[in-house]
Amino acid sequence: MKFKQILSAFAVSILLLALVAGTALAAWGFAFPINVVDTSAAARNYVPVLTGITGESLVSSGYMTATGTDTNMQTGSTNVPYMLSTTQIATVVPILGAGSQAGLNLYTGYSPVQTDFSIITGSTGYVTTADAVPLEPGDDFDIEFSGYVDTSDDGEWNKLIYKKDAFVVYISADGEITAGIIDTTTTSSVDIVPNAVGAYTNITSVAGASTHWEAVDDPPDTPDDATTRVYTTSSSQLKDAYNLESLTPPCSIEGLASVAVYFRAATTNASKVDRIQPFLRLGTDETTGTAVKPTDTNNVYITKSEVLTRPGGGDWAWSDFAALQVAIGLKTQDASSTISCTQAYVRVTYNSGNTFTKSVTATGVSSGVHTVKAYADGTYLGIIVDEGEAGEVSDTIALGGASVTDNANDWVWVDNDVMPYATYIKMTVSDVELVHYQPTGMITATRLPDRDVNGGTADSGSTTTLVDAVLTQADDYWIDVELEIVTTTDGLAPQGEIATVTDFDDGTDTLTFDALTAAIGTGDTYELRNDGVITWGENSDMTVTMGSVASYESTEAGGGEQDEISYEVPSPNIPSGWFAGGTVDTLPFYENFLDVSTETGIPVKTMYVFMIFSVAMAMGFGTFIVFKPMIFGFVVTLVVLWVGSSMGIIPGWVIFSLIVVGFGIIYMRRNI
């Protein structure tokens, strides 16, 4: 009788361990408290936060799995969007009052596992997709994204989707989202003339004015020619630099088309090789124009111009024009002629960026979580917000032959000044989905993987070519798409290497690309993707601090001394996997369990826990019945549970606890 009671106690112990393990695994292993304090003067909703924690540090310290799917982010008991990268963990604060603070908890060792993550890049951050031939939308495309959209108009050109000089989706007014095919054929210009002395004054003489800059500041349409001018007979170039009047930005900087120097000059001896040369100066950097002959007729003033690039290189910013100077260099062939300049100014040419050949606008859209789709079907351009829902808003216009311009500019997504997080981004061209950004786990650094993968198995190849008869697209179709060699038949290089496609020959089904470290062989598998690249933004008007890490055994998640970002993850003082198991999304029956979990709310991992304990008990008791000694059944039970632990189903403390209970019962049995 006592033996049966002990045996019953053993069975009950196993069931209790299963119950405790199942409950624990439905919760979390560790909590990382994050405190966000507003330093602005205004309340904000869905504020992006870069925590300063790196996913790589959490993995290497044993707090979470390599995929990061055993995590969750909450404020209180409410889940909030978040994103994991090996170099950054980002999230959003749903409500952040002026001068107030908000608390978040990043949980690791969490169950149930995550299947999707948001896209969050921080304030002023964004995602870029390199231009590629398949991504030219033409007049047949669907571009769809979902997430929180701030539809308030702050006077800036707040873009949700943008391909410069081609296509844009942006906030056009309070409560309005506009999609437009950008018109690059209509341009405007603004002229800025000298208003003060510049960095140097070296030209020999001035006539008709008290200063050199006043001699060349004539309005563009009314030059006074010989009335006021600077001049020289020097056969060595002499230069003047002139400060320019202020410029009010006429549009967003993306609309800037060119910056040109206009100059008007004459010579007294057109047969001589006299020269005038334009310059732009920014700080100590100068862009040098071409030295040209001023005129072919003596004493006749002619206006010439040249487009120059930004001094120092890089892209123009409107702030550059506050310090921009124009400079002119004069020289003669010899002292027998005099060269004069009577006018110099800068002309800034631009298209507004939001001047469209065709556009559509969804109105009455309040700030909040929305799904936005912009599309063209060859006949109409359209926009739909929250399609199929009660608040659906849409607009269409006939294309009339209009099409998105094919150019080399990249796609830019989710400007986080208006979209703090995106749930997903999708792009379809000619009924083929080519882009799908929606992370399923932790991403590597700034690389946002494309879930729409084209690929196959190589028929043959080299270090720079891949041949596959399945590739039947049009000539040059795959140019600029990224190629990754997923597997090789021998598991060696170039497995895992990535290159950009530079050519596609439809006649031979051959991809050409930047050189890999080894040749592609027959049977190697590959993928063609349009991965995105994240440019991290910043934390705007806030401070972010981290609290002490709490384990599941201690619920003091908000306590402890706080450390300023960046955050160095401490090492856990327990073995990896002791409290938290791994992910189960690759195990058998996962899809079946997931369906049940969706219907019942029971975490998938909990189902696996009870499954492994049921198998362990059945095999343990079966062994005991067949072979009699209890130790045999006990060992078999432990082996099955150890297999479950190695698969990430149960944590290590369960096996340790069972060993203690089991040996205690065996000891009691031998002393009956």
Centre separation in Å (Cα based) which lies between the range 30-94 and the range 137-158: 26
Fully extended contour minus Cα-Cα distance, from R451 to I631, at 0.36 nm per residue: 59.8 nm
Gain on full stretching of the segment that runs from D334 to A42 - 0.36 nm per residue minus C-alpha separation: 98.4 nm
Kyte-Doolittle mean at least -0.5, axial Cα span of 18 Å or more - DSSP H helices of the chain: 2-25, 604-627, 630-646, 652-670
J(HN,Hα) series, the range 395-403, from Karplus relation 6.51 cos²θ - 1.76 cosθ + 1.60, nearest Hz, glycine and proline x: 7, 9, 8, 5, 5, x, x, 5, 8
Fully extended contour minus Cα-Cα distance, from D431 to L638, at 0.36 nm per residue: 69.1 nm
Largest-first principal axis extents, alpha carbons of the chain, Å: 128, 64, 52
Cut-off under 5 Å, modelled amide H: who pairs with V47 long-range: V93
5 angstrom amide H check on V197, placed H, neighbours 5+ away: N243
Cut-off 14 Å between beta-carbons: net charge of the residues surrounding S40, Lys and Arg +1, Asp and Glu -1: -4
Solvent-accessible area, 1.4 Å probe, carbon plus sulfur percent, for the chain: 51
log₁₀ of I(q)/I(0) at q = 0.09, 0.11 Å⁻¹ - the range 298-447, Debye sum with one point per alpha carbon: -0.58, -0.74
From phi via Karplus (6.51, -1.76, 1.60), per-residue ³J(HN,Hα) for the range 113-118 in Hz, x at Gly/Pro: 6, 7, 10, 9, 10, 7
Mean-position separation - Cα centroids, the range 276-290 and the range 182-228, in angstrom: 15
J(HN,Hα) series, the range 359-375, from Karplus relation 6.51 cos²θ - 1.76 cosθ + 1.60, nearest Hz, glycine and proline x: 8, 9, 9, 8, 10, x, 9, 7, 4, x, 7, 9, 10, 10, 10, 10, 8
Student exercise, the range 94-247 dipole from Lys, Arg, Asp, Glu Cβ charges, in Debye to nearest 20: 760
Cβ-derived FRET efficiency at R0 56 Å, V300 paired with A408, nearest 0.05: 0.85
Global geometry of the range 52-176, whether rounded, prolate or oblate, following the gyration tensor of its Cα atoms and the 1.5 cut on a/c: oblate
For Y421, residues with placed amide H under 5 Å, excluding near neighbours: Y148
Average Cα contact separation per residue, the chain, under 8 Å, 6 or more apart, as relative contact order %: 20
Theoretical FRET efficiency, 1/(1+(r/R0)^6), r = Cβ-Cβ of N195 and T128, R0 56 Å, to 0.05: 0.90
Estimated distance in nm for a label pair at T522 and V292, the labels positioned 7 Å out from Cα along Cα-to-Cβ: 6.2
Reachable lysines, given that their alpha-carbon falls under 27 Å from the alpha-carbon of K373 and they are not under 8 places away in the same chain: K159, K163, K164, K358, K426
Net charge over other residues, Cβ less than 14 angstrom from the Cβ of Y380 (K, R count +1; D, E count -1): -3
Per residue accessible area in Å² of the range 248-298, where ligands, DNA and RNA are left out and the probe is 1.4 Å: 40
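The values are calculated or read from the model by the stated rules, or taken from the named source; none is laboratory data. Just so it is clear, the structure is predicted and the values come from calculations on it, not from any experiment. Ideal geometry is used to build each Cβ from the backbone, glycine not excepted, and the neighbour counts take in all protein chains shown. Just the protein is used for accessible areas: all its heavy atoms, side chains included, with ligands, DNA and RNA removed. Shrake-Rupley method; radii C 1.70, N 1.55, O 1.52, S 1.80 Å.
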